[in-house]
Every structure is written in structure tokens, then in C-alpha cells.
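The values are calculated or read from the model by the stated rules, or taken from the named source; none is laboratory data. All values reported here derive from a predicted model rather than from experimental measurement. For neighbour counting, all protein chains shown are included, and Cβ atoms are generated from backbone atoms with ideal geometry for every residue, glycine included.
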Amino acid sequence: MTPPPARTASTTADLHRVVDAVWRMESARIVGALSRVTGDVGLAEELAQDALVAALEQWQDTGVPAKPGAWLMATAKHRAIDTFRRARNLQRKTEELGRDLVDQEGVEEDWAAALDEVVEDDVLRLVFIACHPILSREARVALTLRLVGGLTTDEIARAFLVPEKTLAQRIVRAKRTLTAAHVPFEMPAGAEFTARIGSVLEVIYLVFNEGYSATAGEDLVRPALCQEAMRLGRILAGLVPGEGEVHGLVALMEIQASRLAARTGPDGQALTLAEQNRAAWDRVLVTRGLAALRRAEDSGAALGPYGVQAAIAACHARARTVEETDWTRIAALYEALAELAPSPVVELNRAVAVSRAYGAAAGLELVEQLAEVPALRGYHLLPTVRGDLLEQLGRRDEARTEFERAASMTRNEPERALLLARAAACGRELGA
């Protein structure tokens, strides 16, 4: 055990950092184990939080134990046993949990034994609970980051630019919904597993996308959210190694994240793909992503939507310049993606690839077909793409209008600045 240091503001801050790191690594396992035994995610998290508070209080005096994760688990176990020892409705609780016990001592022994069990699927089950389709998309994201990611309510609220009170209420409602619906703490099977894994992957990718291209605020990217999503994806890939689409999502995130440092300039301004310094792309992440893509391809099943998107990202990662990119293959991959997961956004991306492979006029023809699609109304990338293609065709007055319209739609400040700069450039060229 680490000897306790003298109490100073610095050592207190160091302790908080240690506890925070341990919590992020161990919280999902602890909450998962407690949820398995209690059948109540909300209660499980409360018990785990009690153990966290105890660590902050006791480690200040005793020092950090040699196995801090085991310490937290043991403390949470004792908190659980104490909670049910005090409960007046112990018999009802034990019946709900399927236990045929008549005396308090036997219940405590049973609880202790259950919590001591090593159940490898606890974390995976917790992921499936947090991402249950009974919850709204926003609730699934918040609960996953809270229970599986170990993030605080304040951290999640700041990441998604919502008031902390709003986010806290969202999490509380989500836990109550799961409890009221008596959602079992078990792995789904068959068709239900397929449906639920889709929800899990969607939540992880939503977190990643918010980090990769923030919907609002002064920052174009939020790397911490990308890192958290990749961590969740890697955990999931380790838990279900036979699921090719999980590896596809991991591959997509790793390759996309490799560009983060190159997506902004020295002053935080947004850079287009053509403007990015590809030497700044993280080759380690690219290598990891390509390896994950190979695992997806070798899984025995055809690539799913995330795997196809990873293959598209791989085309960009392998090209040394925009001009060397295999745009014909990317256009074909987007066509395949449109068959797997049809959406107006996929069609818009396909139009960009077609314009690169076959010319701006061919791409613009596809974009014009999307102009009246209701799902794209208010979507700033539609006028952005249209403006880009019009500019390539020399129709700069129309392009300027599109860039200005796109700038009025986005809530992200660096994106708005980039779009206004492109509109101004079109205006200068017209003046010349």
C-alpha cells in the first residue's frame, strides 16, 4: 500500500486524479456486478458511488491501496450487503431476486458469494442495458457515458452543451424507465441481440461523431469524446470478438480519429480535407484502424454499414494526396452503403465522391435531387456541398449564396467562419 502523503492542496489534487483514473477503469465492472445481483441499475450505481466517496475519504489517510479496483469492489459489496440488511422488506427483495431464503444471515452470505463471482459478461450486459431501445437516443448516450464510461454528469453535460440539471434529469429518468420496465440484466439472444447490438453501436458512434465534428460551440472537435467512444468500442470488440460490425466501427473511429490534429489550423480554424497536412495524420491510429478493418473482413460475414464506412475511410488514409485518392472505389462503396443503410446523408456523401470521380457536374446532378428532401432541410452540409460544386463549375455567385446559407445554418463557430470565408472568396473572384 502506498504510504499516505502529508495533506496539501497538491496531494489532494493528485489523489482526486488517481481516484478518477481508477473509477474510469473499474466503474463499469463494479456497476455491472452490482446490477447483476440487485437487478436495479440505479441502485447499483448509487452503491458504487458510495464506494467512490469512501475511497476519497479513506485513501487520503491510508494511501492508495495496491489493488484500488479490488478495494472499490469490496467496499461496494459491503455497502450492498448493509443496504439489504437494513431493508425492512428484505423478504420481498429476496423473492424478487429468485432466492428461497428465510433468514437474514443466509441472505447476506448469498449476497456476498454472488458479488464475489467473476462474471465476464457483466460489463457487456451493462452496455446492453444502458443502450436499451426503450430509452430515447439522448438517454442512451448519457447513460452509457455515465455507467460504462465513468464520466460525471457535469462532464457529459459540458460535452453535449446542455445544462447539467437537464442532463442529470435525463439520466435519472432513464434509470427509472429501466427499473419500471423490469428490463432483465441479461444478454439478449438471436434476433434481439442483432437489434440491440445495432443500438449499442449507434450510441458509441454518436458519441464519436459529436467529438469529431461538434454540432455547436466554439470548438470544431472535442478529442476527449472521440477517445471515450474509441475506448468503449475497443471494450466491446474485446467482449464480442466474433462480431464483424463491431470491428468495423472500431476501424472507422480509429481511422477518422487519425485526422483530428490536422482538422484545425494553428488558431483553431477549420481546414477542409484538401487543406489538411496529411503528414500530421496519426499513423498509429491508421495502422490500428486498418488492422480492425481486416478483422471485420475476416469475420466471415459481409461488411455492414460501419465496415463499409471504414473501407471508405481507409481509401482516404492510404492516399498521400487528395488527387491520389481512389474516388471511383469510394463512389462504389457509397453506392453499397446506400443499399445497406439508405439515407439522404449517405446520398449526399455519394454525390461528393461521384463529383471527384466523374466531375462536378455529375455530382451536382445528384445533389439537386436532394434539394427538397425534408430530412435535409436545415442540414448545413447540403448547401455546403452544393456551393463547393458550383464553385468548381465557375458559378461563383450561386456558390457564394450557398456558402452564406450554410453558414447561417451551422451552430459551430469554426465551421461558420470557414463557410463565410469561402463565400467572401467567391465574392472577390467575382469582383476580379
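What to note about this one:
- Positions within the range 246-303 being at positive phi and without any contact (Cβ under 8 Å) to a residue 60 or more places away in the chain, in sequence order: 300
- Yes/no for residue 215 being under 26 Å from residue 340 (Cβ atoms) and either outside the structural domain of residue 309 (by TED's automatic domain parsing) or among the small types (Gly, Ala, Ser) (or both): yes
- Condition check for residue 218: modelled with pLDDT under 95, within 24 Å of residue 151 (Cα to Cα) and either touching a Ser or Thr at 6+ places or on another chain (Cβ under 9 Å) or not aliphatic (A, V, I, L, M) (or both): yes
- Search result, residues across the range 374-391 that are within 12 Å of residue 422 (Cβ to Cβ) and surrounded by fewer than 17 Cβ atoms within 10 Å (Cβ to Cβ): none
- Among the residues of the range 320-331, some residue qualifies, meaning at least one is surrounded by fewer than 18 Cβ atoms within 10 Å (Cβ to Cβ), modelled with pLDDT of 95 or more, part of a helix (DSSP H, G or I) and not aromatic (Phe, Trp, Tyr).
- Candidate set: the range 274-301, residues that are of a type outside the set (A, V, I, L, M, F, W, C) and within 21 Å of the chain's Cα centre (by Cα); chosen: the one surrounded by the most Cβ atoms within 10 Å (Cβ to Cβ): 289
- Residue within the range 362-376 that is under 29 Å from residue 283 (Cα atoms), assigned to a helix (DSSP H, G or I), not basic (Lys, Arg) and not assigned by TED's automatic domain parsing to the domain that holds residue 258 present: no
- Matching residues, the range 191-236, being of a type in the set (D, E, K, R) and within 24 Å of residue 409 (Cα to Cα): 210, 218, 219, 222
- Residue list for the range 153-165, filter: surrounded by 14 or more Cβ atoms within 10 Å (Cβ to Cβ) and without any contact (Cβ under 8 Å) to a residue 24 or more places away in the chain: 153, 155, 156, 157, 158, 162, 164
- Against the list (1) part of a helix (DSSP H, G or I); (2) closer than 19 Å to residue 361 by Cβ; (3) of a type outside the set (Val, Ile, Thr), the condition residue 394 fails is (1).
- Among the criteria (1) among the β-branched types (Val, Ile, Thr); (2) at pLDDT 85 or above; (3) surrounded by fewer than 17 Cβ atoms within 10 Å (Cβ to Cβ), the one residue 30 does not fulfil is (3).
- Residue that is nearest to residue 383 (Cα to Cα) [pool: residues in the range 341-359 that are aliphatic (A, V, I, L, M) and part of a helix (DSSP H, G or I)]: 348
- Matching residues, the range 337-362, being among the hydrophobic types (A, V, I, L, M, F, W, C) and surrounded by fewer than 15 Cβ atoms within 10 Å (Cβ to Cβ): 341, 361
- When 274, 251, 261, 314 are screened for being at pLDDT below 95, under 21 Å from residue 221 (Cβ atoms) and assigned to a helix (DSSP H, G or I), only 261 passes.
- Answer from 22, 18, 64 - the residue that is modelled with pLDDT of 80 or more, surrounded by 17 or more Cβ atoms within 10 Å (Cβ to Cβ) and under 27 Å from residue 233 (Cβ atoms): 22
- Out of 176, 170, 146, 234, sole residue that is surrounded by fewer than 15 Cβ atoms within 10 Å (Cβ to Cβ) and either assigned to a helix (DSSP H, G or I) or touching a residue at least 60 places away in the same chain (Cβ under 8 Å) (or both): 176
- Which listed residue is of a type in the set (A, V, I, L, M), within 29 Å of residue 256 (Cβ to Cβ) and modelled with pLDDT of 90 or more, from 206, 167, 178: 167
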